[in-house]
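Right, one structure below, let's go through it.
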């Protein structure tokens, strides 16, 4: 059997305490200690990082099993306790060896690609996410362009392979080509097929010049054998505001792309300006007296198409629901949108960023944030495509707001206005939850 150890790099730990605070074991497996007391752990880290990778003995599509996959995002340099990076890390554990990422300008483009370094890395086979950054206003289209380029290249590869099947080939090579052609949009099958096809092509010899040229062309395109997983990353400033037109265009296209929105409810990287994701009563730049209007419901807008997979998630509130949403979205043969609640240093969390995962749990319990999945494939089975994963709110809404300076500061600057806006924010959240309940009961 195999044993495992959670080994921390003392020299890279930012000291936020999120891991220790969220550790689920009765007796904490991780305890925060001063850096100077942990120097003896440095050689352990050096040893652990050089161990050979082992096959994952568990189901990758589970919370526990996913964590035995190598993260292909490491040492990002984001703020300590950042709510965004855990989502990106998990995505790389599930799909990283075949991921392509178009990243909108914003926090995720800073911690994701501060030249000359990048936190995205490769596995033992040299495979990892390919990443590129584009502007606020065109990142969704940029990601769609990536996807279409790969799609057309793979269609060309399929055409060449079909042509090869008409020539004299060994039976096992024909079988391998047929398996790939029949399942070219299935990630798991194309991975297995590639492991068979590439060595076979490398060893095969023939005197037929035409066949030799065709097989050489297939081998030259070997990187396209495995189905790519196209992702489009960005924050709420991009998705709800500046890049919304492009995002809407890409979702409407019906193409097989996956969008992950890190929803911090504010323009985090550019100085804390209000966005259309900012809820009623929140204090931000351009909303110093608290925002008057309610948060835009990006998920429901996307659901109106009827063929877009949509999920709203919060890692700290429900890890199982998050994993399920990620797997369903990526495997859905069309556009998907995942909106992820991401606590931010701009929120002024009173208990500190070390409780960012706990704040997600509290947000759901208070009815401030709602969890759901909208899967168009369920309609084809005669089922309701909308699944509400949140329970009835069980915690005090205003008490949750008071846990963050972006709300509590309003009671000092505009006390009378604060009470009115807090009541409006509570009503907005309740109205949204009631709408989701009706959708779930249809």
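For this structure, a couple of remarks:
- Where labels lie 7 Å past Cα in the beta-carbon direction, separation of residue 35 and residue 293 in nm: 4.5 nm
- Candidates 352, 65, 237, ranked by Gaussian network fluctuation over the chain, Cα under 10 Å, top entry: 65
- In range of the label at residue 158: residues from the stretch 172-192 whose backbone nitrogen is under 16 Å from the point 7 Å along Cα→Cβ: 177-191
- When DSSP beta bridges are restricted to pairs lying wholly in the chain, around 25% turn out antiparallel.
- Förster radius 56 Å - calculated FRET efficiency between residue 58 and residue 438 (Cβ-Cβ, nearest 0.05): 0.90
- Extension gain, residue 132-residue 430: 0.36 nm per intervening residue step, less the Cα-Cα distance, totals 103.4 nm.
- Global geometry of the stretch 146-223, whether rounded, prolate or oblate, following the gyration tensor of its Cα atoms and the 1.5 cut on a/c: prolate
- Cα-based shape type of the stretch 98-147, given that a ≥ b ≥ c are square roots of the gyration tensor eigenvalues and the cut on a/c is 1.5: oblate
- Taking other C-beta atoms within 10 Å as the exposure proxy, 405, 313 rank 405, 313 from fewest upward.
- In degrees, nearest ten, helix 187-203 long axis to first principal axis of the chain (Cα): 30 degrees
- Using a cutoff of 8 angstrom between alpha carbon atoms and counting only pairs six or more residues apart, the relative contact order for the chain works out to 14 percent.
- Antiparallel content of DSSP bridges confined to the stretch 227-441, in %, to 5: 35 percent
- Additional length obtainable on full extension of the chain from residue 377 to residue 7, 0.36 nm per residue less Cα span: 129.1 nm
- Förster radius 35 Å - calculated FRET efficiency between residue 413 and residue 114 (Cβ-Cβ, nearest 0.05): 0.50
- Each of 327, 345 has some number of other Cβ atoms within 10 Å of its Cβ, and from fewest to most they run 327, 345.
- The chain: angle of helix 415-441 to the longest principal axis, Cα-based, in degrees nearest 10: 40 degrees
- Value at 222 nm in deg cm²/dmol, rounded to 500, when DSSP H runs of n ≥ 4 in the chain each add -39,500 (n - 2.57): -12000 deg cm²/dmol
- Overall form of the stretch 227-441 per C-alpha gyration tensor (a/c, 1.5; a/b vs b/c): prolate
- Euclidean distance of C-alpha centroids, the stretch 107-174 and the stretch 327-396, integer Å: 29 Å
- Sorted by Cβ neighbour density within 10 Å, fewest at the top, the residues 190, 413: 413, 190
- Degrees, to the nearest 10: 356-365 long Cα axis against longest axis of the chain: 70 degrees
- For residue 166 and residue 148, the difference between the fully extended length at 0.36 nm per residue and the C-alpha to C-alpha distance is 3.7 nm.
Laboratory data are not the source of any read-out in this text; all were calculated from the coordinates shown. What you see is a predicted model, and the numbers here were worked out from it, not measured in a lab. Because the Cβ atoms are built from the backbone with ideal geometry, glycine has one as well, and the counts that use them run over all protein chains shown.
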